[in-house]
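One structure is given below, encoded as structure tokens.
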Amino acid sequence: MNFLPEFIVSKDSHGTRISITGRLDAKGTSNLWQAITKKISSCDLSNLTLDLERVNYLDTAGATLIYHIEKLVRTRGVKELFIVNLKQEFSPLIELAKSIKQKDFSDQIPKKLSFVDNKGKNLSDTFSETKEFITYIGEITWALIQSLKHPKTIRWADTFLVAERAGVDALPIVALISFIVGLVMAFQAAIPMRMFGAELYVANLIGIAMIRELGPLMTAIVLAGRSASAFAAEIGTMRINEEIDALTVMGLDPIRFLIVPRIIALTIITPLLTIFSNLVGILGGALVITSLGYPIISYYNQIASFVEWNDFVGGLAKCFVFGILIATSGCIRGYQTQSGPSAVGVSTTRAVVTGIILIAVFDGIFSIMYYYLGV
Amino acid sequence: MKQIETIIKIENLYAGYNNIPIIENINFKVFKGEVFVIIGGSGCGKSTLLKNMIGLLPPISGNVMILGENLSQAIGKEKNRILQKIGVAFQSGALFGSMTVMENVKLVLKEFTSLPDSVMDDIVWLKLKLVGLEKAVFLMPGELSGGMKKRAALARAMALDPSIIFLDEPSAGLDPTTSAGLDHLVMELASSLGITFVIVTHELASINAISDRIIMLEKDAKTIIATGTPEQLKNDHSNPYVYNFFNRTIHKGEK
């Protein structure tokens with residue numbers, strides 16, 4: 001059975017004697033540490049004898065305690081410290097504890113940055129990262145132009161596979177979100193419009209909002225969450241597994257090989273998913289209108305007479321750009337993956353955040369542009 | 001007398017990261033058909049040197065000449081053209097996880113040749129047979145053992161029949177028997193196909209077994225501290241670091 005260590009203080013003709021009994025392992029030492037150091041700090045010492053006869057086990061924690069007692073005793077001005085009855089097998093550990101403590105690690109401690117230094121470093125990191133991002137955009141643009149000039153060099157099999165995973169597999173989630181958005185919007189609009197007897201004009205609202213704004217935006221956000229993160233994780237993992245280095249040394253351009261197919265796939269499927277989203281959103285609105293007692297044909301006629309081709313084309317034009325932005329942000333963030341266990345997670349998060357920010361900014365730019373163009 | 005042909009030439013190479021050199025003033029030549037080994041302790045810059053030699057890292061200054069062409073100055077298509085003449089097998093294998101072993105080896109053939117599919121398949125089978133993986137053709141990288149991954153990586157590196165193959169720590173993480181098997185394979189390929197191997201390792205058994213010539217890097221010196229055959233370095237008493245590296249014989253109980 002392992003008893004916790006104890007110590008006894010006694011006085012003899014040589015001065016104070018501290019006898020330690022038991023196991024000086026990590027648990028025992030932590031139990032003893034405070035009491036023994038307190039005792040040594042408070043008692044009157046001239047000469048001290050540390051009797052370790054009954055210490056039956058000592059590890060690095062125990063050795064550190066002995067060394068610490070020795071240091072403490074010296075600071076208290078004790079003339080002599082005698083360590084007696086130390087078992088021979090324990091002495092190398094105590095010597096080791098002394099040698100490690102004597103080393104100076106101070107020059108290796110990383111310097112703490114001041115607030116200003118820290119902010120400056122962050123700013124500098126952001127600048128270099130932005131520069132890197134812009135460089136990648138340049139390289140990707142060049143690779144895209146080259147691929148479009150020579151369509152045979154595009155990896156079509158990969159492109160279709162990505163299109164299937166990012167597009168077809170995303171249909172249920174896009175349908176669900178668009179349907180609910182259409183339904184909720186119609187309900188919310190029907191309440192105030194009913195006061196003016198204009199419930200049917202809910203159709204105009206749903207039609208224009210879904211086709212011009214919400215269809216493209218909802219689809220883009222779903223794709224940013226679903227596909228940009230997937231791209232970042234795939235490419236990030238390849239980066240960590242040295243697969244991208246392997247491509248490079250094979251003389252294969254990783255941008256053409258990995259990024260171009262993803263951008264082409266997403267640029268094609270984003271508008272298609274948006275058309276689907278528009279239809280399902282309008283269906284959500286139709287459910288509300290029919291429940292209010294209007295025939296479905298009135299709902300259809302209302303939308304058909306109000307929404308113009310300009311609105312439809314304007315909405316789709318945005319989607320092409322959103323598709324490029326989502327794929328680019330996912331791929332670049334994946335490409336920038338550093339090493340370490342959290343690296344892919346960080347890249348995935350950054351891909352989604354970058355994607356959503358870019359979508360919001362470009363949606364604003366499109367709105368201003370359409371306003372001035374009269375679209 | 002057999003003509004000695006220089007196949008790789010490193011001139012005044014300074015290499016590192018963020019313009020801070022880890023290795024300085026590196027100069028050496030690799031001759032055709034030899035097994036050339038780069039050794040040194042951890043952190044001495046072996047991998048940095050390798051990355052410069054295979055074009056993954058641009059040098060701070062100096063030149064890496066591969067088959068008479070300057071890889072360090074080449075960019076874009078020119079660089080890719082030079083890289084197609086070499087093969088690299090990474091420490092982890094770096095096999096493409098979404099492709100079978102066969103597809104991994106076939107990839108470069110598909111990209112850079114216009115051979116009929118059946119011919120490409122034959123070439124892949126041949127390469128996989130050479131490395132002893134004829135029974136793992138349709139396995140995914142995740143289903144392979146460490147040694148098999150390295151063999152598959154070697155087969156992929158040989159896909160375009162390069163004249164030089166670079167191996168990064170081929171024995172790392174392998175048991176002695178598998179490691180010895182890989183050494184045998186390297187020796188066989190070097191003698192039968194005349195491939196020049198440049199190997200980064202610190203596995204003493206492998207070094208003694210396969211190397212024709214060695215360069216040794218050292219962290220504090222930041223450069224090559226010894227060059228020669230394994231025998232020469234083993235008996236080099238002039239530098240204690242080199243001598244200890246090759247003659248480490250600590251026995252249990254010794255201090």
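The values are calculated or read from the model by the stated rules, or taken from the named source; none is laboratory data. What you see is a predicted model; the values in this text were computed from it and never measured. Quick reminder, even Gly has a Cβ in these numbers, built from the backbone with ideal geometry, and neighbours come from all protein chains shown. Please note that ligands, DNA and RNA were not included when accessible areas were found on the heavy atoms of the full protein model with its side chains. Shrake-Rupley method; radii C 1.70, N 1.55, O 1.52, S 1.80 Å.
Listing for the model above:
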read-out	value
Members of segment A:63-86 found to be β-branched (Val, Ile, Thr) and buried (at least 17 other Cβ atoms within 10 Å of the Cβ), listed by number	A:64, A:66, A:69, A:73, A:78
Residue match in segment A:327-345 (condition: surrounded by fewer than 16 Cβ atoms within 10 Å (Cβ to Cβ) and assigned to a helix (DSSP H, G or I))	yes
Among residues of segment B:1-23, those that are open to solvent by 10 Å² or more (accessible area, probe 1.4 Å) and either closer than 21 Å to residue B:242 by Cα or in a loop (DSSP other than H, G, I, E, B) (or both), counted	8
Subset of segment A:230-254 that is within 23 Å of the chain's Cα centre (by Cα) and open to solvent by less than 20 Å² (accessible area, probe 1.4 Å) - its residue that is farthest from the other protein chains (Cβ to nearest Cβ)	A:232
Where a residue in segment B:56-69 is more than 13 Å from every other protein chain (Cβ to nearest Cβ) and its partner, wherever it lies, is part of a loop (DSSP other than H, G, I, E, B) and loosely packed, with under 15 Cβ neighbours inside 10 Å, with Cβ under 7 Å and at least six apart	B:60/B:19
Residue tally, condition closer than 18 Å to residue B:154 by Cα and either at pLDDT 95 or above or among the polar types (S, T, N, Q) (or both), over segment B:201-217	3
Test: residue in segment A:195-208 that is free of Cβ contacts under 8 Å to residues at least 24 places away in the same chain, within 14 Å of chain B (Cβ to nearest Cβ) and outside any helix (DSSP H, G or I)	no
Of the criteria (1) over 22 Å from residue B:32 (Cβ atoms); (2) part of a loop (DSSP other than H, G, I, E, B); (3) within 13 Å of chain A (Cβ to nearest Cβ), which one residue B:159 fails	(1)
Matching option when the condition is at pLDDT 95 or above, surrounded by fewer than 18 Cβ atoms within 10 Å (Cβ to Cβ) and more than 16 Å from residue A:260 (Cα to Cα), among A:173, A:221	A:173
Any chance residue B:130 is modelled with pLDDT of 90 or more and hydrophobic (A, V, I, L, M, F, W, C)	no
In segment A:346-375, residue farthest from residue A:235 (Cα to Cα) [restricted to those that are over 17 Å from the mean Cα position of the chain (by Cα), open to solvent by less than 70 Å² (accessible area, probe 1.4 Å) and of a type in the set (Ser, Thr, Tyr)]	A:370
Among (1) within 14 Å of chain A (Cβ to nearest Cβ); (2) at negative phi - the single one residue B:19 does not satisfy	(2)
Tally, over segment B:224-238, of residues that are surrounded by fewer than 19 Cβ atoms within 10 Å (Cβ to Cβ) and touching a residue at least 60 places away in the same chain (Cβ under 8 Å)	1
Lone unmet requirement of (1) within 14 Å of another protein chain (Cβ to nearest Cβ); (2) assigned to a loop (DSSP other than H, G, I, E, B) for residue A:262	(2)
Residue that is farthest from the other protein chains (Cβ to nearest Cβ) [pool: residues in segment B:108-136 that are touching a residue at least 40 places away in the same chain (Cβ under 8 Å) and open to solvent by less than 10 Å² (accessible area, probe 1.4 Å)]	B:131
Top-ranked residue in segment B:24-49 [being in contact (Cβ under 8 Å) with a residue 24 or more places away in the chain and among the basic types (Lys, Arg); ranked as surrounded by the most Cβ atoms within 10 Å (Cβ to Cβ)]	B:46
Qualifying residue in segment A:290-310 (condition: within 14 Å of another protein chain (Cβ to nearest Cβ), open to solvent by 30 Å² or more (accessible area, probe 1.4 Å), of a type outside the set (Asp, Glu) and not in a helix (DSSP H, G or I))	no
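Okay, residues lined up against (1) buried (at least 16 other Cβ atoms within 10 Å of the Cβ); (2) under 15 Å from the mean Cα position of the chain (by Cα); (3) over 16 Å from residue B:30 (Cα atoms):
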site: B:186; (1), (2), (3): yes, yes, yes
site: B:195; (1), (2), (3): yes, yes, no
site: B:200; (1), (2), (3): yes, yes, no
site: B:206; (1), (2), (3): yes, yes, yes
site: B:211; (1), (2), (3): yes, yes, no
site: B:214; (1), (2), (3): yes, yes, no
site: B:220; (1), (2), (3): no, no, yes
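So that you can scan it fast, the table gives a plain yes or no per residue for (1) farther than 26 Å from residue B:51 by Cα; (2) in contact with a Phe, Trp or Tyr (Cβ under 8 Å, 6 or more places away or on another chain):
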residue	(1), (2)
B:118	yes, no
B:129	yes, no
B:154	no, no
B:167	no, yes
